[in-house]
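For reference, the structure is listed below as structure tokens.
The values are calculated or read from the model by the stated rules, or taken from the named source; none is laboratory data. This is a predicted model, so every value here is computed, not measured. Here the Cβ positions follow ideal geometry from the backbone for every residue, glycine too, while neighbour counts run over all protein chains shown. Each accessible area value is taken on the protein alone, full model and side chains, heavy atoms only, with ligands, DNA and RNA left out. Shrake-Rupley method; radii C 1.70, N 1.55, O 1.52, S 1.80 Å.
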Amino acid sequence: SSHFGSREPYPVARERPADHYSSCCGTPRSALCLCLPRSLVLSRLLNMAPEKRIDSEDGEAYTFEELTAFYKGKYKKAALEAYWETCKPAKRARAKAEPEPKAKAKAKAKGKADAPEPKAKAKAKVKAAPKAKAKAKAKAKEAKPAGNFKVCVCGGAGGIGQPLSLLMAMDPNVGELCIFDLNIAMVPPAGVATDLSHIERKCKVTGYSMEVGKNPIDHLEECLTGCHLVLVPAGVPRKPGMTRDDLFKTNAGIAKGIVEACAKFCPDAVLGMIVNPVNSVVPAMAELYKKKGLDPMKIVGITTLDIVRANKFVGEITNKNPNFINIPVIGGHAGTTIIPLFSQDKIAKTIPEDQIPDLDKHVQNAGTDVVDAKGGKGSATLSMAYAGARFGKSVLAGLAGRRRVECAYCMSDVT
């Protein structure tokens, strides 16, 4: 008979005859065979299963390995461990009991039927059900389905725009990508769109062009309608000897035309501004939105490149992987307004204090270093595209219901 058929109340170890092993567990002849009650074995197996806890962001249960795999590269291990401790343990599934004989089960069911639930308890159950259903329905409406977001890159045929468009087209959350630029761009936007439409991704890519001097609000209805995210790397690049303020007169006018069109055709979209000077353009565009009765917090200056540079430079100094370094950078996006908080990262904290002032300057002047290295023939384009795509992907992940944290330059009441 099966080992699990034992009626003994506790596990009993006893030696079995030689012929027993051939029909049982195949253990060596000299071994002892352990007989365990079925319920005890099931409970032991259940306890061996990895613990799951409820993620407060989406209410689902995950193991620690699943949680760390999902947030890998976004948060440090110590932060994930601390977050894990705050999560509530998920209820373990109970082991199913042995099926009872029919006669016994029937008698038990009859006994239950004879004893109706108290009215108050029954009434509470009925009330609880619709509430839970309504809550689940409301939650389902909050998160948008992944892969169905529309993204537009204004200035998508330029030095930053092309690699940025490529990286966004590779994001699984992007269902439709629009490339907009002027007819004087280095290549036609339609050509960039056709090129990107050949990569192995599901998103639809369309190009839109406009003549110089025309007003975007008169030509971008189809391009911008339904957009969830608009990235704006449009504008004139900085040249040697130019300050960011020198760019304001030209680039502010370009940004204004695009922002006004967004206010009309996609007022709920997040606008990621890469137009320099960010420190001046973003406040001006936020005021424009405020006057139109729209949310000025939708206008966001992408300063992610400062964070990317700080992480990289710290990684070089400490000989650590920059993917596991996360330096918050506050302030603006020009010179001394860029303030990296090296003390807030456990790896950066190990750098001697006397090296921090030079590291600050290295991050603050990194943009100028690129302009000088390119001999006036361009500015930071590839690294900016990478940083812009990182920010854009985080925005889309957030819209899809995932938790993401990014530093950015936006309106604030904090003084």
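Some observations on this one:
- Of the set (1) in a helix (DSSP H, G or I); (2) in contact (Cβ under 8 Å) with a residue 12 or more places away in the chain, all apply to Gly235 but (1).
- Residues that are free of Cβ contacts under 8 Å to residues at least 12 places away in the same chain and part of a loop (DSSP other than H, G, I, E, B), drawn from segment 275-294: Gly293
- Segment 61-106: number of residues that are at pLDDT below 75, open to solvent by 100 Å² or more (accessible area, probe 1.4 Å) and under 19 Å from Arg402 (Cβ atoms): 1
- Scan of segment 396-412 for residues that are part of a helix (DSSP H, G or I) and either in contact with a Leu (Cβ under 9 Å, 6 or more places away or on another chain) or closer than 25 Å to Gly159 by Cα (or both), ordered by number: Leu396, Leu399
- Subset tally (residues that are farther than 17 Å from Gly331 by Cβ, free of Cβ contacts under 8 Å to residues at least 60 places away in the same chain and among the acidic types (Asp, Glu)) for segment 358-396: 2
- Against the test of being crowded, with 18+ Cβ neighbours inside 10 Å and out of contact with any Phe, Trp or Tyr (no Cβ under 8 Å at 6 or more places or on another chain), the options Cys223, Cys227, Cys203 yield a single qualifying residue, Cys203.
- Every condition in (1) assigned to a helix (DSSP H, G or I); (2) touching a residue at least 12 places away in the same chain (Cβ under 8 Å); (3) open to solvent by less than 60 Å² (accessible area, probe 1.4 Å) holds for Thr250 except the one numbered (3).
- Residues of segment 166-200 satisfying the condition of being among the β-branched types (Val, Ile, Thr) and open to solvent by less than 30 Å² (accessible area, probe 1.4 Å): Val174, Ile179, Val192
- Scanning segment 375-395 for residues being open to solvent by less than 80 Å² (accessible area, probe 1.4 Å) and not in a helix (DSSP H, G or I) gives a total of 6.
- Enumeration of residues in segment 329-370 that are surrounded by fewer than 16 Cβ atoms within 10 Å (Cβ to Cβ) and under 17 Å from Lys76 (Cβ atoms): Leu341, Ser343, Gln344, Lys346, Lys349, Thr350
Yes/no matrix, rows are residues, columns are (1) at pLDDT below 95; (2) under 29 Å from the mean Cα position of the chain (by Cα); (3) under 12 Å from Gly156 (Cβ atoms); (4) assigned to a loop (DSSP other than H, G, I, E, B):
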site: Cys178; (1), (2), (3), (4): no, yes, yes, no
site: Asp181; (1), (2), (3), (4): no, yes, yes, no
site: Ala193; (1), (2), (3), (4): no, yes, yes, no
site: His198; (1), (2), (3), (4): no, yes, no, yes
site: Arg201; (1), (2), (3), (4): yes, yes, no, yes
site: Thr206; (1), (2), (3), (4): no, yes, yes, no
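- Within segment 315-341, the set of residues being assigned to a helix (DSSP H, G or I), under 24 Å from Ile274 (Cα atoms) and out of contact with any strand residue (DSSP E or B) (no Cβ under 6 Å at 6 or more places or on another chain) comprises Pro322, Asn323, Gly335, Thr336.
- Test: residue in segment 303-320 that is closer than 23 Å to Ala255 by Cβ, open to solvent by 10 Å² or more (accessible area, probe 1.4 Å), under 20 Å from the mean Cα position of the chain (by Cα) and in contact (Cβ under 8 Å) with a residue 12 or more places away in the chain: yes
- The requirement of being out of contact with any helix residue (DSSP H, G or I) (no Cβ under 7 Å at 6 or more places or on another chain), touching a residue at least 24 places away in the same chain (Cβ under 8 Å), open to solvent by less than 50 Å² (accessible area, probe 1.4 Å) and not hydroxyl-bearing (Ser, Thr, Tyr) is satisfied by Val300.
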